[in-house]
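Engineer: Here it is, the structure in full.
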Amino acid sequence: MQPVKILEHLPSLPLSKHKGKDLLRIDEFDGQELLELLQLAAHIKQMQKHGQPFQPLQGKTLGMIFDKSSTRTRVSFEVGMYQLGGMAMFLSGKDLQLGRGEPISDTAKVLSRYVDAVMIRTYSHACVEELAQHASIPVINGLTDLYHPCQALADMLTIWEQKGKLAGVKLAYVGDGNNVANSLVLAATLLGMDVRVATPVGYELEKSIAEKAKAYAQKSGGKLLLTHDPVEAVTGADAVYTDVWTSMGFEHENEVRMQAFAAYQVNELLVAHADREYMFLHCLPAHRGEEVTAGVIDGPRSFVFDQAENRLHAQKAILAALV
Ligand code: CP
Ligand code: NVA
């Protein structure tokens, strides 16, 4: 994959086949389709930087259901829809009748009569699947306890921009085998990356997801190493990624987690094992002094704000393809 330079026109990519589809898991797309979405995202980003409008969603509306807090997801989806010519509507889960017991199936059918797509951030992935099953419009997963597919696409875009390729790039994830890790590892193995994951015992990637990722790596020519040793994961890495030790919904486990993860901090000693030109990545929000030191996240090898910006561009590509 070559860095994108064309600005005059969008690439002719086979994207119309995605119209009307949901995005619940990143591996609903295969490696080739992910590359096409990344190319679209890169073009949309370049167009925006050069003041060229791209407004395929004029008159379209996105409903955004949030059962958990958000800064990046909420703002980037809302701004993204506006920039694509449409509009987005924030719907707090607890203020919807859903929060008072209205069935998910009825909510899905009603929203399908008003809006052109729904983005949802909630706890249970099964709830999002149920919403998608009953909705006649695309449903986009804005984070569940199991997955964060929009984040993974932005992560791949950020690595591609810096490294000029994805296949063969060494990506280390250190910390909790959580929603962000699951989606990151699925995307990276689909795209042929050399993925190393270091988690404490008891906090590994979900077994079925690790199995799928192994199969994707085999097919794409990538690699997947699962270890409990952060140094093994980070040695020679081109990118070092971590996320919070206590995700939303797991706050009651905080004390136990702080102990379990103490040896998994991404700090100066650990990143000394990475390639000199390594990138530090984090989906944010971050807890300095816990999963990462201030010296690393605020240091010269950190790309976390490019990564946050790329949520906007990646999601505009997703919206343009699905809606
Ligand atoms: N990374 C991410 O999804 O951030 P928010 O929780 O702020 O949306
Ligand atoms: N793993 C984190 C990601 C937040 C964007 C959480 O679920 O809270």
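The values are calculated or read from the model by the stated rules, or taken from the named source; none is laboratory data. On a predicted model such as this, the values are computed, not experimentally measured, just so you know. Positions of Cβ are backbone-derived with ideal geometry, glycine not excepted, and every protein chain shown enters the neighbour counts.
Engineer: Step by step: first the residues of the stretch 67-101, then only those that are exposed (fewer than 15 other Cβ atoms within 10 Å of the Cβ) and farther than 30 Å from Gln48 by Cβ, then the one that is nearest to ligand 2 (Cβ to nearest atom). Which residue is that?
Structural biologist: Selected residue: Lys94.
Engineer: Still on this structure: What do you reckon, is Glu129 closer than 26 Å to Ala181 by Cβ and away from ligand 2 (no atom under 15 Å from the Cβ)?
Structural biologist: Taking the combined requirement at face value, the residue satisfies it.
Engineer: Condition first: at pLDDT 95 or above and either assigned to a loop (DSSP other than H, G, I, E, B) or more than 13 Å from Ala317 (Cα to Cα) (or both). Now tell me which residues in the stretch 11-25 satisfy that.
Structural biologist: Result: Lys19, Gly20, Lys21, Asp22, Leu24, Arg25.
Engineer: Can I ask one more? Among what's in the stretch 272-323 and is β-branched (Val, Ile, Thr) and over 30 Å from Lys21 (Cα atoms), pick the residue that is surrounded by the most Cβ atoms within 10 Å (Cβ to Cβ).
Structural biologist: It comes out as Val292.
Engineer: Please verify whether the stretch 40-49 includes one or more residues that are free of Cβ contacts under 8 Å to residues at least 12 places away in the same chain and of a type in the set (Lys, Arg).
Structural biologist: Yes, the stretch 40-49 contains a residue that is free of Cβ contacts under 8 Å to residues at least 12 places away in the same chain and of a type in the set (Lys, Arg).
Per-residue answers, yes or no, for (1) within 16 Å of ligand 1 (Cβ to nearest atom); (2) surrounded by 12 or more Cβ atoms within 10 Å (Cβ to Cβ); (3) in a strand (DSSP E or B); (4) at pLDDT below 95:
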site: His9; (1), (2), (3), (4): no, no, no, yes
site: Asp27; (1), (2), (3), (4): no, yes, no, no
site: Leu35; (1), (2), (3), (4): no, yes, no, no
site: Gln39; (1), (2), (3), (4): no, yes, no, no
site: Gly51; (1), (2), (3), (4): no, no, no, no
site: Gly59; (1), (2), (3), (4): no, no, no, no
site: Met64; (1), (2), (3), (4): yes, yes, yes, no
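Engineer: Restricting attention to the stretch 145-169, and to residues there that are crowded, with 23+ Cβ neighbours inside 10 Å and not in a helix (DSSP H, G or I), which single residue is farthest from the chain's Cα centre (by Cα)?
Structural biologist: Once the filter is applied, the top-ranked residue is Val169.
Engineer: If Ala213 passes every condition in (1) outside any helix (DSSP H, G or I); (2) among the small types (Gly, Ala, Ser); (3) within 30 Å of Ile137 (Cα to Cα); (4) free of Cβ contacts under 8 Å to residues at least 40 places away in the same chain but one, which one does it miss?
Structural biologist: Failing condition for Ala213: (1).
Engineer: Within the stretch 191-208, track down each residue that is surrounded by fewer than 21 Cβ atoms within 10 Å (Cβ to Cβ), touching a residue at least 12 places away in the same chain (Cβ under 8 Å) and of a type in the set (Ser, Thr, Tyr).
Structural biologist: Within the stretch 191-208, just Tyr203 meets the criteria.
Engineer: Further, regarding this structure: Identify the residue in the stretch 174-190 that is touching a residue at least 60 places away in the same chain (Cβ under 8 Å) and not in a loop (DSSP other than H, G, I, E, B) and, among all such residues, is farthest from ligand 1 (Cβ to nearest atom).
Structural biologist: Leu190
Engineer: Shifting gears a bit: Working only within the stretch 234-256, note down all residues that are hydroxyl-bearing (Ser, Thr, Tyr) and either more than 21 Å from Asn267 (Cα to Cα) or out of contact with any strand residue (DSSP E or B) (no Cβ under 9 Å at 6 or more places or on another chain) (or both).
Structural biologist: Within the stretch 234-256, Thr246, Ser247 meet the criteria.
Engineer: Moving on. Which one of these is farther than 14 Å from Ala181 by Cβ, of a type in the set (D, E, K, R), exposed (fewer than 14 other Cβ atoms within 10 Å of the Cβ) and within 20 Å of the chain's Cα centre (by Cα): Glu255, Glu232, Glu211?
Structural biologist: Glu211
Engineer: With respect to Ser247, is the statement that it is hydroxyl-bearing (Ser, Thr, Tyr), surrounded by fewer than 21 Cβ atoms within 10 Å (Cβ to Cβ), away from ligand 2 (no atom under 16 Å from the Cβ) and modelled with pLDDT of 95 or more true?
Structural biologist: So Ser247 does not fit the description; no.
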